Amino acid sequence: MKLDIGGNEAIPASVEALWIALNDPKVLTRCVPGCKSMTEIGPDAYKVDMQLKVAAVGGSFEGEISLSDKQASKSCSIKVSGAGTLGHGNGTARFDIESDGEKGARLVYKGYGEIGGLVAGVGQRILGSVSKHLIGRFFVALRKEFEAPISGKTE
């Protein structure tokens, strides 16, 4: 089953800060829904362990992510592959970072994937809405990375 995603999101950070965050495995582990660990296995290559729930079915996945065609603070291509208890998948994506004026940065992304196994059985429509939901959760978490910590002090 093929999956096609794309969109753009405003992020309240400088272009440079967003680039650094998107290249930091610790930040990505916190932001990617279901990501339990991201371990560097080579330059711009990572092993990923995830625990995800798709529709009413949950499972674990192991996979690899590699980054290429990097243009610092501007763009990057991503290749993803993995398999687990719910099936298997692979895909590619590209993101571009643009200045969004005083608001911060805008992340423009486009990706394609192929999914097979049990997870593909939930159907294209459900899988499409699940992927949009997971992408939304990623951006909520990413925006929180740039919020000022609450000190608990009153002025």
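The table that follows gives values for the structure above.
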{"item": "Gly104 long-range amide H proximity, modeled H, under 5 Å", "result": "none"}
{"item": "Angle in degrees between helix 124-145 and the longest Cα principal axis of the chain, rounded to the nearest 10", "result": "30 degrees"}
{"item": "Percent accessible area from carbon and sulfur atoms, the chain, protein chains only, probe 1.4 Å", "result": "56 percent"}
{"item": "Karplus-derived HN-Hα couplings along the stretch 6-12 (A = 6.51, B = -1.76, C = 1.60, θ = phi - 60°), whole Hz, x at Gly and Pro", "result": "x, x, 8, 9, 7, 10, x"}
{"item": "Accessible area of the chain divided out per residue, in Å², using a probe of 1.4 angstrom", "result": "60 Å²"}
{"item": "The chain, relative contact order [Cα under 8 Å, separation at least 6], %", "result": "28 percent"}
{"item": "Projected-area average for the chain over all orientations - Cα convex hull basis, square nanometres", "result": "10.3 nm²"}
{"item": "HN-Hα J in Hz across the stretch 67-74 - Karplus 6.51, -1.76, 1.60, θ = phi - 60°, x for Gly and Pro", "result": "10, 8, 6, 6, 10, 2, 6, 10"}
{"item": "Over the chain: helical MRE at 222 nm, DSSP H runs n ≥ 4 each giving -39500 (n - 2.57), nearest 500", "result": "-7500 deg cm²/dmol"}
{"item": "Vicinal HN-Hα couplings computed from phi for the stretch 15-24 (Karplus, 6.51 cos²θ - 1.76 cosθ + 1.60; Hz; Gly/Pro x)", "result": "4, 5, 5, 5, 4, 4, 4, 6, 10, 10"}
{"item": "Non-local Lys pairs in the chain, i.e. 8 or more apart or on different chains, that have alpha carbons under 18 Å apart", "result": "17"}
{"item": "Cα lying deepest toward the dipole's positive end in the stretch 11-155, options Ser14, Gly59, Val48, charges on Cβ", "result": "Gly59"}
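The values are calculated or read from the model by the stated rules, or taken from the named source; none is laboratory data. Model, not experiment: these values are computed from the prediction. FYI the Cβ positions are ideal-geometry reconstructions off the backbone, even for glycines, and counts take in every protein chain you see. Surface accessibility is based on the protein's heavy atoms, side chains included, excluding ligands, DNA and RNA. Shrake-Rupley method; radii C 1.70, N 1.55, O 1.52, S 1.80 Å.
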